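Student: Got a structure here, written out as structure tokens. Questions coming.
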Amino acid sequence: MAQQTDVASNRSMLADRPARDDAGALERGQLRATPGFYQRAWRRFRRDRISLAALVVTILVVAFVLGADVIARYVTGHDYYTGNLFDQFKPPLTDGYILGTDVNGRDVLTRLAYGGRVSLLVAGLAGTTALLIGSTIGAVSGYFGGVTDAVLMRIVDVLLCVPFLSILILVAALFRPGPVALAIILALFGWTGVARLVRGEVLSIRSRDFVDASRVVGATDARIIWKHIMPNIVPLLVVWMSLAIPGLILTEAALSFLGFGVTIPTPSWGNMLQGARDYYTRSIANVIIPGVMIYITVLAINLVGKGLRDALDPRLND
């Protein structure tokens, strides 16, 4: 009988030991807190080596274009608009020109940095503006429903039927916009896709318990939308933005290449290609260099977007 009592006591002590150990570890701060959603997403993103490498490339490209002034002052010693006709079509690594010169004798490396700044500015500003417009309209449409939803979605349907590129070329040809104006024009025609995405997500979220609880305590519709619903679709917006930026870079490059985008002498990767197309037999480098930069940048951001889409998917488990 005594032996059975000792065994039971030992079992009780062994059962209590993990709890006491956890309590002691908790007091000492040794237990790790459960990682949050974004921590788990970052851990999943780091496992994707291709997307991680693409993120590094994207950061390097952004650093390159943001450092255009430094490059012009300390690396090349040339600005992007002044040329020397005696230095036309210098090949790369010749006479101090790292990437050579163009038809007007201007330094290609300097123009590449400034042109990338313009191209990324147009794409980033257009994407951000389209995101703000589209997410606002989509959230209002999905939350209120009824007549509001019907009217806003019919407007979206009409805009989706408009030949986007043709209208864009017409507007750009009439007004000859600068980088900021071009970004606004792109945004005014590019918000419809994100509006439909946000509307669909809001329709599925607005009937959940935490939204009903907010209504019960007297929260206004605006507060419910921006404080309780929109934070739940941030991952969707991040993925949309990362996948929209490459398309906007290509759109700006296409418009500038056709002569309807950013006007010369302000450089962009698109109008650098336009300026080089008539002289490719004399300097193929002037065609290849901006083309490769567009390709690398678009590919890298696309791969980052793919990695973010997989990492932010709540259905995935670590």
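The values are calculated or read from the model by the stated rules, or taken from the named source; none is laboratory data. What you are looking at is a predicted structure, and each value in this text was computed from that prediction instead of being measured. All Cβ positions, even for glycine, are placed from backbone atoms using ideal geometry, and neighbour counts span all protein chains on display.
Student: Checking Y81 against (1) aromatic (F, W, Y); (2) more than 30 Å from T281 (Cβ to Cβ); (3) at pLDDT below 90, which test does it fail?
Tutor: If we test Y81 against (1) aromatic (F, W, Y); (2) more than 30 Å from T281 (Cβ to Cβ); (3) at pLDDT below 90, just (2) comes out false.
Student: Does any residue in the range 141-168 that is closer than 26 Å to A254 by Cβ come within less than 6 Å, Cβ to Cβ, of a residue that is part of a helix (DSSP H, G or I) six or more places away or on a different chain, and which pairs are these?
Tutor: Once the first residue is closer than 26 Å to A254 by Cβ and sits in the range 141-168, its partners that are part of a helix (DSSP H, G or I) give V156/T192; V156/A195; L159/T192; L160/T192; F164/F189.
Student: Only one of these is in contact (Cβ under 8 Å) with a residue 24 or more places away in the chain, over 26 Å from G105 (Cβ atoms) and touching a Ser or Thr at 6+ places or on another chain (Cβ under 7 Å): I205, I224. Name it.
Tutor: I224
Student: Return the residue satisfying two criteria in turn: it lies in the range 90-133 and is surrounded by fewer than 16 Cβ atoms within 10 Å (Cβ to Cβ) and of a type outside the set (S, T, N, Q), and of such residues it is nearest to D278 (Cα to Cα).
Tutor: Only one residue fits best here, namely P91.
Student: (1) in a helix (DSSP H, G or I); (2) closer than 26 Å to A183 by Cβ: which one isn't true of L52, the others all being true?
Tutor: Against the list (1) in a helix (DSSP H, G or I); (2) closer than 26 Å to A183 by Cβ, L52 comes up short only on (2).
Student: Does Q30 satisfy the criteria of being more than 26 Å from P246 (Cα to Cα), part of a helix (DSSP H, G or I) and modelled with pLDDT under 85? Explain how you work it out, then say what you get.
Tutor: Details: more than 26 Å from P246 (Cα to Cα): yes; part of a helix (DSSP H, G or I): no; modelled with pLDDT under 85: yes.
Taking the combined requirement at face value, the residue does not satisfy it.
Student: I've got another one for you. Residue check: is L312 at pLDDT below 90 and under 30 Å from V234 (Cβ atoms)?
Tutor: Details: at pLDDT below 90: yes; under 30 Å from V234 (Cβ atoms): yes.
For L312, the condition - at pLDDT below 90 and under 30 Å from V234 (Cβ atoms) - is met.
Student: Being assigned to a helix (DSSP H, G or I), touching a Lys or Arg at 6+ places or on another chain (Cβ under 7 Å), in contact (Cβ under 8 Å) with a residue 12 or more places away in the chain and assigned by TED's automatic domain parsing to the domain that holds R176 is true for just one of I229, I296. Which residue is that?
Tutor: I229
Listed here are the residues, each with its yes/no results for (1) over 24 Å from V238 (Cβ atoms); (2) over 18 Å from the mean Cα position of the chain (by Cα); (3) outside the structural domain of F260 (by TED's automatic domain parsing).
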{"site": "I184", "(1), (2), (3)": "no, no, no"}
{"site": "L188", "(1), (2), (3)": "no, no, no"}
{"site": "V194", "(1), (2), (3)": "no, no, no"}
{"site": "R206", "(1), (2), (3)": "no, yes, no"}
{"site": "V217", "(1), (2), (3)": "yes, yes, no"}
{"site": "T220", "(1), (2), (3)": "yes, yes, no"}
{"site": "I224", "(1), (2), (3)": "no, yes, no"}
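Student: While we're on this one: Just give me the residues in the range 102-122 being farther than 19 Å from E252 by Cα and in contact (Cβ under 8 Å) with a residue 24 or more places away in the chain, in sequence order.
Tutor: If the condition is that a residue be farther than 19 Å from E252 by Cα and in contact (Cβ under 8 Å) with a residue 24 or more places away in the chain, then D102, V103, R106, D107, V108, L109, T110 are the ones that fit.
Student: Another question, then. Among the residues in the range 141-150, are any of a type in the set (A, V, I, L, M) and in contact with an Asp or Glu (Cβ under 9 Å, 6 or more places away or on another chain)?
Tutor: Scanning the range 141-150 turns up no residue that is of a type in the set (A, V, I, L, M) and in contact with an Asp or Glu (Cβ under 9 Å, 6 or more places away or on another chain).
Student: Now, a different point. Under 6 Å between Cβ atoms, at least 6 apart or on separate chains: pull out the pairs that start in the range 238-254 with a residue that is assigned by TED's automatic domain parsing to the domain that holds V304 and end on any residue that is among the β-branched types (V, I, T).
Tutor: Between residues of the range 238-254 that are assigned by TED's automatic domain parsing to the domain that holds V304 and residues that are among the β-branched types (V, I, T), the close pairs are W240/V194; S242/V304; I245/I301; P246/V298; P246/I301; I249/V298; E252/V122; A253/I294.
Student: Right, something else. Return yes or no: is G305 in contact with a Ser or Thr (Cβ under 6 Å, 6 or more places away or on another chain) and either outside any loop (DSSP other than H, G, I, E, B) or modelled with pLDDT under 90 (or both)?
Tutor: yes
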